[in-house]
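What follows is a set of notes on a single structure, which appears directly below.
The values are calculated or read from the model by the stated rules, or taken from the named source; none is laboratory data. Every value quoted in this text rests on a predicted model; they were computed, and no experiment measured them. Here the Cβ positions follow ideal geometry from the backbone for every residue, glycine too, while neighbour counts run over all protein chains shown.
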Amino acid sequence: MQEPVLNRALLWQRRLTLFAVLLTAGVIMLGAWTRLADAGLGCPDWPGCYGHLDVRKAIDYVSQKNEIVPGTYREAFKTVPEMVHRYFAASLGLLIVIITALAWINRRAGNQPLALPTTLLVLVICQGILGKWTVTMGLQPTIVMLHLLGGFTTMTLLCWLAAKLYGWPKFLNDCDVRSLRGLSAAAIAVVILQIALGGWTTANYAAVVCTELPICEDGWVDHINFEDAFVFWGHEHDKPDYEFGVLENDARTTIHVMHRFGALLVLLVVGTLVIRILRNARCHFHRNFALLIGGLLLWQICLGLGNVIFKVPLAMAVAHNFFAVVLLISLVLFGRSIRTCSERDA
């Protein structure tokens with residue numbers, strides 16, 4: 001009598017995990033939209049917005065206060081992206097709680113992952129704390145960057161969990177790609193580093209400090225300042241918060257330039273991986289995987305160039321942020337497919 005219950009639990013885990021992946025994608029894009037639209041402090045308190053959980057009431061409250069004393073609060077419309085982001089994030093948190101509960105209910109079934117959903121639960125709790133601190137600490141750059149990395153990690157782990165629950169991929173008799181494990185790990189590492197640099201660039205409002213290609217404006221070498229560019233705590237400033245950044249121009253230039261060098265490193269390492277996969281792979285699965293990774297890499301490069309050329313338009317900046325995690329996930333799942341060559345039930 002117990003087995004059908006376990007099967008239903010697994011079935012619902014699969015469905016909810018796929019839905020959680022889509023919901024996380026929405027949360028990531030909404031978070032980028034909020035950050036890039038300068039609405040991160042649209043609601044300066046947490047979890048409500050000016051004491052209201054209903055964004056409509058928050059809008060009315062801010063509008064009334066600003067009518068009485070213009071400029072009392074930030075623009076009322078900035079409460080919308082912030083609160084919508086919180087609604088989606090809270091829904092995702094609840095969904096991960098349910099997925100974890102189902103995993104523990106189904107714990108006696110074979111091949112039921114427990115560590116991964118439990119890790120996701122801990123991670124989403126940490127994300128909630130970081131989300132609170134992002135607001136209450138006035139967009140402190142390190143907190144903002146960690147919050148972004150946490151969101152990317154959540155989506156990546158959810159995709160890994162979905163792959164495990166569905167037993168994807170099946171055994172592949174293409175073990176010539178196993179020699180690429182080291183290069184695959186290096187590609188994942190440099191992409192994570194580049195994502196962190198991108199998060200640091202955004203958190204310090206350094207995205208538009210360099211408006212020329214390929215590196216920055218003429219004389220950028222004379223404006224490099226590593227000492228101030230990578231201060232992760234204890235920034236000295238006289239502003240009430242970190243909105244619009246507190247670093248001097250030289251520090252921001254350094255951050256932006258390092259992000260561009262990071263893009264070149266990603267192009268070199270991931271591009272080399274794609275070429276090696278195409279040379280080594282004996283099955284269409286891995287060849288197609290290589291083409292997918294290569295396409296995502298070129299798309300990211302184009303979006304990065306577009307952000308420079310068109311002065312960081314909101315839609316393009318959000319897309320650049322989102323496809324960074326898609327590229328990371330593709331590399332992580334490729335790493336899983338390599339393991340499957342030697343482990344049928346990986």
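Quick notes on this structure:
- Comparison of PHE289, PHE322, PHE285 shows that the only residue that is farther than 21 Å from LEU180 by Cα, out of contact with any strand residue (DSSP E or B) (no Cβ under 8 Å at 6 or more places or on another chain) and not assigned by TED's automatic domain parsing to the domain that holds ILE143 is PHE322.
- A single entry from LEU18, LEU30, LEU94 fulfils the requirement of being outside any loop (DSSP other than H, G, I, E, B), under 15 Å from LEU157 (Cβ atoms) and within 20 Å of the chain's Cα centre (by Cα): LEU18.
- Test: residue in region 256-268 that is among the β-branched types (Val, Ile, Thr) and either farther than 24 Å from ALA32 by Cα or buried (at least 18 other Cβ atoms within 10 Å of the Cβ) (or both): yes
- Residue in region 286-307 that is surrounded by fewer than 17 Cβ atoms within 10 Å (Cβ to Cβ) and not in a helix (DSSP H, G or I) present: no
- Flag for PRO117 being within 18 Å of the chain's Cα centre (by Cα) and surrounded by 18 or more Cβ atoms within 10 Å (Cβ to Cβ): no
- Pairs, first under 15 Å from MET145 (Cβ atoms) and in the same structural domain as MET145 (by TED's automatic domain parsing) in region 226-251, second among the acidic types (Asp, Glu) and surrounded by 15 or more Cβ atoms within 10 Å (Cβ to Cβ), C-beta under 8 Å, six or more apart: none
- For region 45-73, a residue qualifies if it is out of contact with any Cys (no Cβ under 8 Å at 6 or more places or on another chain) and either acidic (Asp, Glu) or under 22 Å from LEU130 (Cα atoms) (or both), and the qualifying residues are ASP45, TRP46, PRO47, GLY48, GLY51, HIS52, LEU53, ASP54, ASP60, GLU67.
- Residues (in contact with a helix residue (DSSP H, G or I) (Cβ under 9 Å, 6 or more places away or on another chain), loosely packed, with under 11 Cβ neighbours inside 10 Å and charged (D, E, K, R)) located in region 225-242: GLU227
- Among the residues of region 88-103, those identified as surrounded by 14 or more Cβ atoms within 10 Å (Cβ to Cβ) and without any contact (Cβ under 8 Å) to a residue 60 or more places away in the chain are ALA90, GLY93, VAL97, THR100, ALA101.
- Criterion: at pLDDT below 95, of a type in the set (D, E, K, R) and either in a helix (DSSP H, G or I) or buried (at least 17 other Cβ atoms within 10 Å of the Cβ) (or both) - qualifying residue of ASP222, ASP218: ASP222
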